[in-house]
Amino acid sequence: MSKKDIATFVVDWGTSNFRLFGLSSEGVLIDTVEAPSGLLQIKDKAFAETLEYKLEAMTSDYQNIPVLMAGMVGSASGWKEVPYVAAPASVSDVINNAISFELPWGAQARILPGVSYRAAPLNCDVMRGEEVQIFGLSLLTDSTNMHVVLPGTHSKHVDIKGGAISSFSTFFTGELYALLSHYSSVKPPLPSQEIVNETAFLKGVRRTTEGALLNDIFSARALRLFGELADHEVADYLSGILIGSELHSSTHRNIYLVGGESLCARYELAAKELQIETYTFSGNTCFLNGIARIIKEIENGQR
């Protein structure tokens with residue numbers, strides 16, 4: 001297939017990153033572009049200009065191709081705010097609450113909403129973008145009941161019941177690691193390497209058994225001072241503490257992991273140490289399958 005066969009543009013537009021997918025009418029991926037053009041990089045609300053530049057770079061025939069968008073682009077700080085759908089939320093609920101509008105060059109656009117959850121006063125949560133991956137995972141596994149963990153800057157733990165997003169919790173894991181690594185007194189003297197130091201990482205995971213996260217974090221400094229943690233081990237030790245603490249909060253012994261390969265590998269390692277069985281799926285694959293499922297339901301609803 002060539003770029004002339006692109007029938008739908010799909011955009012996963014987050015706070016930091018922009019991902020564009022060109023799909024055929026059968027849902028086959030023809031081309032993809034990823035760029036650090038997230039919401040934080042967009043000046044003066046120039047969303048349309050930024051999008052058009054990316055579309056034109058993919059194909060000169062972009063003017064009449066519809067665009068389906070998900071992620072933070074639908075937030076209050078995004079292009080157009082799309083209110084959250086309250087859990088439990090199904091694929092149909094998300095589609096029915098999307099907003100449609102015409103782009104300056106005449107093509108139709110649709111922005112999907114995120115999902116919100118409230119269990120009780122002071123116990124609420126939100127997601128944008130992960131719901132697409134979750135719907136794709138359900139399609140790939142043909143399962144309507146599961147517990148899903150999506151590692152990332154703000155890691156999500158999601159319960160799926162009857163094929164719908166039933167409840168979920170967000171963990172500050174990735175962002176806290178970034179803050180500790182750059183701005184804290186436990187800042188690692190050496191940066192984290194792509195290949196995880198399993199010994200140091202698992203030291204961190206085991207440290208979390210007492211559930212004293214704030215004390216566990218400081219131990220990275222104390223152990224280094226006492227010579228029990230080498231300079232090159234600190235980054236992975238901290239990573240183990242944060243991921244171990246996150247997984248300790250789960251009561252599930254079987255989880256589906258959805259995300260990037262290297263980060264999921266860390267969660268697999270921690271989960272094995274904590275005797276949690278994991279089944280890992282690519283975040284991109286789940287996203288594209290979720291989008292294909294959404295497009296199919298939209299088309300069926302228009303017939």
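For the range 1-76 and the range 198-263, what is the separation of their C-alpha centers, rounded to whole Å? Each part reduced to its Cα centre gives a spacing of 37 Å. Its Cα centre serving as origin, the range 1-113 has a Cβ charge dipole (Lys and Arg +1, Asp and Glu -1) of approximately 140 debye.
Can you classify the range 1-113 as rounded, prolate or oblate using the Cα gyration tensor, where a ≥ b ≥ c are the square roots of its eigenvalues, rounded means a/c under 1.5, and otherwise it's prolate if a/b beats b/c and oblate if not?
Details: a/c = 1.72, a/b = 1.24, b/c = 1.40.
In terms of gyration-tensor shape, oblate.
Using a simple spin-label model with pseudo-atoms 7 Å out from Cα toward Cβ, residue 214 and residue 262 lie 3.2 nm apart. Highest mean packing comes first when the peptides 185-191, 53-59, 158-164 are listed by Cβ atoms within 10 Å, giving 158-164, 53-59, 185-191.
Our coupling estimate for the range 257-268, obtained by passing each phi through the Karplus curve with A = 6.51, B = -1.76, C = 1.60 and θ = phi - 60°, is 9, 10, x, x, 4, 5, 6, 4, 4, 5, 5, 4 Hz, Gly and Pro reported as x.
Taking every DSSP helix (H) stretch of at least 4 residues in the chain, weighting each as -39,500 (n - 2.57) and dividing the sum by the residue count yields a mean residue ellipticity at 222 nm of -11500 deg cm²/dmol. Springs between Cα atoms under 10 Å define the GNM used for the chain, and in it the highest mean-square fluctuation of 97, 289, 123 occurs at 123.
Each residue of the range 220-225 is assigned a 3J(HN,Hα), and the resulting list reads 4, 7, 5, 5, 5, 5 Hz, derived from the Karplus form 6.51 cos²θ - 1.76 cosθ + 1.60 (θ = phi - 60°), x at Gly and Pro.
Out of all DSSP beta bridges in the range 129-303, what portion is antiparallel? Express it as a percent rounded to 5.
Values: 12 of 20 bridges.
In the range 129-303, approximately 60 percent of DSSP beta bridges are antiparallel ones.
For the chain, set up a GNM with springs between Cα atoms under 10 Å and report which of 247, 257, 225 has the largest fluctuation. Top of the fluctuation ranking is 225. Subtracting the Cα-Cα distance of residue 96 and residue 53 from 0.36 nm times their residue separation leaves 12.6 nm of extension gain. Label-to-label distance, residue 61 versus residue 183, with points set 7 angstrom from Cα along the beta-carbon direction: 4.8 nm.
Rounded to the nearest Hz, the phi-derived 3J(HN,Hα) couplings of the range 147-158 under the Karplus curve 6.51 cos²θ - 1.76 cosθ + 1.60 (θ = phi - 60°) are 10, 10, 10, 10, x, x, 4, 10, 5, 10, 10, 10, where x marks glycine and proline. Placing a label point 7 Å from the Cα of residue 275 along the Cα-to-Cβ line, the residues of the range 195-217 whose backbone N sits under 16 Å from it are 206, 209-210. Projecting the Cα atoms of 298, 152, 254 onto the charge dipole of the range 129-303 (Cβ charges, centred on the Cα centre) puts 298 farthest toward the positive pole.
What is the calculated FRET efficiency for residue 4 to residue 26, with r their C-beta to C-beta distance and R₀ = 22 Å, to the nearest 0.05? Mind showing how you got there, number by number?
On the way: r = 15 Å, r/R0 = 0.66.
Result of the calculation: an efficiency of 0.90.
For the chain, a Gaussian network of Cα nodes joined below 10 Å ranks 138, 75, 92 by mean-square fluctuation, and the top entry is 92. Rounded if a/c is under 1.5, else prolate if a/b beats b/c, else oblate: with a ≥ b ≥ c from the C-alpha gyration tensor eigenvalues square-rooted, which is the range 193-268? It is oblate, given that a/c is not under 1.5 and a/b is not larger than b/c. Sparsely packed loop sites in the range 188-260 (the chymotrypsin sites (Phe, Trp or Tyr not before Pro) outside DSSP H, G, I, E and B with at most 10 other Cβ atoms within 10 Å) comprise 226.
Every read-out reported here was derived from the displayed coordinates using simple, explicitly stated rules and does not represent laboratory data. Note that this is a predicted model, so its numbers are computed, not measured. As a convention, Cβ positions derive from the backbone with ideal geometry for all residues, glycine included, and neighbour counts pool all protein chains shown.
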